[in-house]
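To start, the structure under review is shown below, and the notes come after it.
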Amino acid sequence: MIKLQVKIILWIFIIWARRLCGAQIESINSNELLAFEDFLRAQHLKHALLLGNCSGQIENYKRLFANYRLQFFAPQRGVQFRELFYYAAPRTALLVPALGDEHTKRWIYEPASAEGFFNNSQAWLLLGDSQANRSDHQIIRQHLSPYNISIDADITVAMREQRAANQSWLLYDVYRLGQQTPLMVELKGHWSRAEGYQLLASFGDSWMRRRRNLHNITLIGSTALIEKPADMDDLSYLGNDRELLQLDPMQRKTYQLFLLMGRMYNMSLEVLFRDTWGQLLPNGSWSGVMGHIVSGEAHFSVCPIRFVTERNHYIQYTPPLHTQFIHFLFRHPRRNSIRNIFFEPLSTEVWWCVLGLMVGSALLLVLHMRQERRLLQPAGQAMERPVSFAWFTILETYLQQGPAADQFRLPSTRLLISASCIFSFMLMQFYGAFIVGSLLSDSPRSIVNLQALYESDLEIGMEDIAYNFELFTNTTNQLVRDVYSQRICRTRPPNILSIEEGAQRIRRGGFAFHTAIDRLYRLLSELLDERLFCELQEIMFSPPYLGASILAKSSPWREHLNHAILYLSETGLIAYNDRLWSMPRPDCTLFKDAEVEVDLKHFAPALFTLLLAMLVSASVFLLELLCGYLKARAKQQASRKADKAKFLHL
């Protein structure tokens, strides 16, 4: 009962489909439907479009309706062929029962050619008949050469063998390398009712692998050259990977990858040049490289283009070719306080505590000295002034000199001197070890993020390039906006400079510059020595920009470029090319190890202290001379007065 209901429903559908299908287009028989079913199975498709008269037994369509989603095309009913397809539609198999039928050419081939439907978004199966006086290749080229068929076409032409009585077909793969090249027709396999859909071994691979050899056709690329010297040829400059690497490194680096692609696919590359990447003009057209791609003058861009939303409506991107790191770069300020090395190990409070201990020990030693003098000193033996003697004795102790062993005899005095010596030894060992360790270790850096840079005393600037303005203005991060408005644009004129001017400002110090980091490093390598180069500090607050090649919408070369870029990435050739164009940086660890020494900068506090003490000593010496002179003069005057008085008395 269920089978009968299914047959009734199918009969109704077939009758309705026959009304839709015109008699003008060739009808489809059972063998053709069987071949089409095998074609669907080999292509792993579930959607099918039948372009022909839907005559035949219901059993011929029963399996197709049970396993696939079928659609029929009827041109005379007012439905245009291009209206059957829509954006993001599933990949569909199309059956054309008559290869050379004039109505098929008018209603199917011409709209498909105009709309670009002869690509791998659809799998075409075209049925034709062999002729005794002409080869299958000639017949296929005669009927399909006028149409827009490209290298990404998935067209299978089945030519019915005359001797096989409609039981078998030879299968041909049809595509074209370029617009000016002849149609390529390759034997693909055969189909018969007994053996089914049989393909040659080479067709087990993807169509991309089978169509790698482009037979030295010429494809057109476009690139932007911004910094090219006036005395150099465009193509020679673009292909030079040994000199002037700081100029246009992004475009010249990726050009080397396209040269590898040319060898991969056996193709030639012609390059068009522009001076900009491309901006949308008021009239709706594009300038620069984008204009070449959108207008069809070039097949793809040789230079990487950033992923920008407004460009997505006009072009399509390949996988990323280039990663652009854009940071702030500056020479980190040195910690140049003159007291750092000799006073940093101990805080100010600790130094005051040490001084207090020295004074306390000296006063305590005065008491011990009085006890020594009272108990042990022989009568009549003089002793130095107790305060000055105690101070110099404690000072000698803390400087690890110490008094003579028989100078103090009381156990309490010796205990005080011993404790002071032990404390002094521990203090000096810790102090010396810290100074040596501070010289061997890296100096800590405090400006390591955007907030610290914003609060620092450094001047801040950026390169005068489009992506910097987008980065600082088209953001919701308030800190980034404040850096732009309150630090970069604070001065008049604002610190928006060329990359060469920014490198010079970094060389002088006290300036942070935001730009592409690889270009800036290469410029700074010529301006800074190794010591200054190791002072450079990076601050990144945004993810790196990714750049990719671009193609026109529905470009037939999309799969070839995507395959080549992914292959180069997988084999490590893109990473290797990046290293060739990256700036080798010095090993700052080895540089610091070689430069570790106590130089004048570190020893200046000790020299300053000694010089100050010598000046104080000289001043005291002059005061002592003056006092001695005044005392001698006063004594001399007193003596003269006494002599004069004595003389007068006589």
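A few notes on this one:
- Test: Leu214 is over 36 Å from the mean Cα position of the chain (by Cα) and modelled with pLDDT of 90 or more: no
- Residue check: Glu463 meets all listed conditions (1) under 21 Å from the mean Cα position of the chain (by Cα); (2) surrounded by fewer than 14 Cβ atoms within 10 Å (Cβ to Cβ) but one, namely (2).
- Sole exception among (1) at pLDDT 90 or above; (2) closer than 27 Å to Phe81 by Cβ for Leu199, by number: (2)
- With a requirement of 2 or more residues that are under 28 Å from Pro543 (Cα atoms) and either touching a residue at least 24 places away in the same chain (Cβ under 8 Å) or in contact with a strand residue (DSSP E or B) (Cβ under 8 Å, 6 or more places away or on another chain) (or both), the helices (runs of 4 or more DSSP H) lying completely within the range 212-329 that satisfy it span 249-265, 288-295.
A quick yes/no check of all residues on (1) of a type in the set (Asp, Glu); (2) over 19 Å from the mean Cα position of the chain (by Cα); (3) modelled with pLDDT of 90 or more:
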{"site": "Leu247", "(1), (2), (3)": "no, no, no"}
{"site": "Arg252", "(1), (2), (3)": "no, no, yes"}
{"site": "Leu259", "(1), (2), (3)": "no, yes, yes"}
{"site": "Glu270", "(1), (2), (3)": "yes, yes, yes"}
{"site": "Met290", "(1), (2), (3)": "no, yes, yes"}
{"site": "Thr318", "(1), (2), (3)": "no, no, yes"}
{"site": "Arg335", "(1), (2), (3)": "no, yes, no"}
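- The set of residues in the range 500-515 that are crowded, with 20+ Cβ neighbours inside 10 Å and over 15 Å from His332 (Cα atoms) comprises Gly502, Thr515.
- Test: residue in the range 192-203 that is open to solvent by less than 50 Å² (accessible area, probe 1.4 Å) and in a loop (DSSP other than H, G, I, E, B): no
- Test: Leu497 is open to solvent by 70 Å² or more (accessible area, probe 1.4 Å) and either touching a residue at least 60 places away in the same chain (Cβ under 8 Å) or more than 30 Å from Leu219 (Cα to Cα) (or both): no
- Qualifying residue in the range 155-163 (condition: polar (S, T, N, Q), open to solvent by less than 10 Å² (accessible area, probe 1.4 Å) and in the same structural domain as Trp207 (by the TED database)): yes
- Condition met for Pro146 (of a type outside the set (A, V, I, L, M), modelled with pLDDT of 90 or more, surrounded by fewer than 22 Cβ atoms within 10 Å (Cβ to Cβ) and under 27 Å from Ser555 (Cβ atoms)): yes
- Looking across Gly510, Gly502, one residue alone is among the small types (Gly, Ala, Ser) and touching a Lys or Arg at 6+ places or on another chain (Cβ under 9 Å). It is Gly510.
Results for (1) in contact with a helix residue (DSSP H, G or I) (Cβ under 6 Å, 6 or more places away or on another chain); (2) at pLDDT below 90; (3) not aromatic (Phe, Trp, Tyr), shown as yes or no for each residue.
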position: Phe513; (1), (2), (3): yes, no, no
position: Glu526; (1), (2), (3): no, yes, yes
position: Pro543; (1), (2), (3): no, yes, yes
position: Leu551; (1), (2), (3): yes, no, yes
position: His563; (1), (2), (3): yes, no, yes
position: Tyr576; (1), (2), (3): no, no, no
position: Cys588; (1), (2), (3): no, yes, yes
position: Val596; (1), (2), (3): yes, yes, yes
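- Hits in the range 503-547 (condition: free of Cβ contacts under 8 Å to residues at least 12 places away in the same chain and in a helix (DSSP H, G or I)): Arg508
- When residues of the range 108-143 are limited to those that are free of Cβ contacts under 8 Å to residues at least 40 places away in the same chain and assigned to a helix (DSSP H, G or I), the one nearest to Ala35 (Cα to Cα): Tyr109
- Filter pass, Phe117 being at pLDDT 80 or above, under 25 Å from Glu195 (Cα atoms) and not basic (Lys, Arg): no
- Considering (1) within 17 Å of Val174 (Cα to Cα); (2) in contact with a His (Cβ under 6 Å, 6 or more places away or on another chain); (3) of a type in the set (S, T, N, Q), the lone condition that Ser121 does not fulfil carries the number (2).
- Residues located in the range 470-488, provided they are of a type in the set (Lys, Arg) and open to solvent by less than 70 Å² (accessible area, probe 1.4 Å): Arg487
- Single residue of the range 28-76 satisfying the filter (open to solvent by 50 Å² or more (accessible area, probe 1.4 Å) and at pLDDT below 65) that is nearest to Gln122 (Cα to Cα): Gln76
- When Leu177 is tested against the conditions (1) over 45 Å from the mean Cα position of the chain (by Cα); (2) surrounded by 13 or more Cβ atoms within 10 Å (Cβ to Cβ), the lone failure is (1).
- Verdict on Ala642 being surrounded by 10 or more Cβ atoms within 10 Å (Cβ to Cβ), among the hydrophobic types (A, V, I, L, M, F, W, C), part of a helix (DSSP H, G or I) and at pLDDT 70 or above: yes
- Total residues in the range 548-562 satisfying the condition of being open to solvent by 20 Å² or more (accessible area, probe 1.4 Å) and in a loop (DSSP other than H, G, I, E, B): the figure is 3.
- Any hit, the range 80-95, residues being at pLDDT below 85, within 29 Å of Ile139 (Cβ to Cβ), open to solvent by 30 Å² or more (accessible area, probe 1.4 Å) and more than 46 Å from the chain's Cα centre (by Cα): yes
The values are calculated or read from the model by the stated rules, or taken from the named source; none is laboratory data. Bear in mind that the values here come from a model prediction, so they are computed numbers and not experimental data. Cβ: placed from backbone, ideal geometry, glycine included. Neighbour counts: every protein chain shown. Quick note on the areas: whole protein, heavy atoms, side chains included, nothing else; ligands and nucleic acids left out. Shrake-Rupley method; radii C 1.70, N 1.55, O 1.52, S 1.80 Å.
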